[in-house]
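The values are calculated or read from the model by the stated rules, or taken from the named source; none is laboratory data. Treat the numbers as computed from the prediction; the structure is a model and nothing was measured. When we count neighbours, we look across all protein chains shown, and the Cβ atoms used for this are built from the backbone with ideal geometry, even at glycine.
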Amino acid sequence: MNRNFDVIVLGVGGMGSAACFELARRGKRVLGLEQFPLVHSQGSSHGHTRIIRTAYAEHPGYVPLVRRAFERWYELEQLTGRHLLTECPCLNVGPPNCEHVEGVRASVREHKLAAEELSASEITKRFPAFRFPADYVGILEQDAGFLLVEECVRAHIDSAVSLGAEVHGEEPVQEWKAVGDGVTVTTTKGTYHAAKLVITAGAWATRLLADLGVRLTVMRQTLLWFGVGSRAAEFRRDRFPLFIGETPHSMFYGFPAIDSSGMKIARHYSAPELPNPDGVDWNIVDADVASMRPLLDEYIPGIGAFTKGQVCMYTVSPDRHFVIDVHPAHPQVSVACGFSGHGFKFASAVGEVLADLAETGTTRHGIGMFSATRFGNAERGVRNAE
């Protein structure tokens, strides 16, 4: 068995699978290590669908990266012949001047994006399933859609392997060490050596990157599906948008009904922050469903019974922005973590960024706002290539 590689990637979920693919296509000898079976449901890259959107409420600085992510998802579809991304408009909605709507407006202004502002009555006229208060406002963008999340991870893994990468499932990492200019990684099955290391460990970054100088926490999040019954036509993708709503109760988001399970809906944040993934209950309980029902009754009345659910995790940084950087203490180690519940859509572009960092320590993509040093606990971060 080969024990020596150019690059080892720890964690082969959304970001790690993309990094494996990008490094392999550049001719690197790559080893991807995943503690669970490949394309599993015990992390953050599962649940059937993820929203991808361009008018980014979190910060205008994300827009160039999400545009690149769109390009790379389309390219991956062409390379693999698989359907991964479905275009669908996204409705951003909330009270006047709320943080989410204002964030969308800021991205629209800065990047001159196409978006349509709607009043609450116009929203109901366009999409009769919604019932928002009269003073609510919406911003509808067309440059959005949803990704088939497990298929995206599988496509990146399969493509990486076809290019010569090794990807091992069910091989937990016990320890990694920077040794001279390289790294050593010890797993339950052996020890490997490489010139470079990429750590994309999701919630387990709370352990594997404990020395990063970034306080990461974990949130248990629930993905719930509710039946639409005889109203199925009303919730079809051509008649019902993706949506993200800010309300006094919580942020929540949802999808059109794309199969017999009905409409997928979830809260955004609104959960305790845990120190690591150990405290996550992976079972959907009655309280999870009961807490969602008031939101549905108020804003999308008449939705049917709960049909199924899944649990996933957010790994949350202190400011809710990503951490993508060269490790402050180890220049041969690149990290991507703290995606804070809004990262998967970027995976195709983050894989490219991580490959850049592993090769040269720099990237042409603007990731300065994701530096590990921004919290004041580290000394060195990545330089953007000029």
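Just a few scattered comments:
- Residue tally, condition among the hydroxyl-bearing types (Ser, Thr, Tyr) and more than 18 Å from the chain's Cα centre (by Cα), over segment 69-105: 1
- Checking each residue in segment 12-21 for being within 20 Å of LEU223 (Cβ to Cβ) and assigned to a loop (DSSP other than H, G, I, E, B) picks out only GLY13.
- Only residues that are crowded, with 18+ Cβ neighbours inside 10 Å and not charged (D, E, K, R) were counted across segment 121-146, and they come to 13.
- Any strands (runs of 3 or more DSSP E) falling wholly within segment 22-127 and containing at least 2 residues that are out of contact with any Phe, Trp or Tyr (no Cβ under 9 Å at 6 or more places or on another chain): 115-119
- Selection status of TRP176, in contact (Cβ under 8 Å) with a residue 40 or more places away in the chain, in a helix (DSSP H, G or I) and surrounded by 18 or more Cβ atoms within 10 Å (Cβ to Cβ): no
- Just one of (1) farther than 24 Å from PRO241 by Cβ; (2) crowded, with 24+ Cβ neighbours inside 10 Å fails for ASP6. It is (2).
- For segment 293-315, the set of residues classified as under 13 Å from LEU224 (Cβ atoms) and hydrophobic (A, V, I, L, M, F, W, C) consists of LEU295, LEU296, ILE300, ILE303, ALA305, PHE306, VAL311, CYS312, listed by residue number.
- Hey, GLY341 outside any helix (DSSP H, G or I), surrounded by fewer than 19 Cβ atoms within 10 Å (Cβ to Cβ), at pLDDT 95 or above and assigned by TED's automatic domain parsing to the domain that holds GLY16 or not: no
- The residues on offer are GLY27, GLY16, and the sole one that is assigned by TED's automatic domain parsing to the domain that holds VAL350, crowded, with 17+ Cβ neighbours inside 10 Å and touching a strand residue (DSSP E or B) at 6+ places or on another chain (Cβ under 9 Å) is GLY16.
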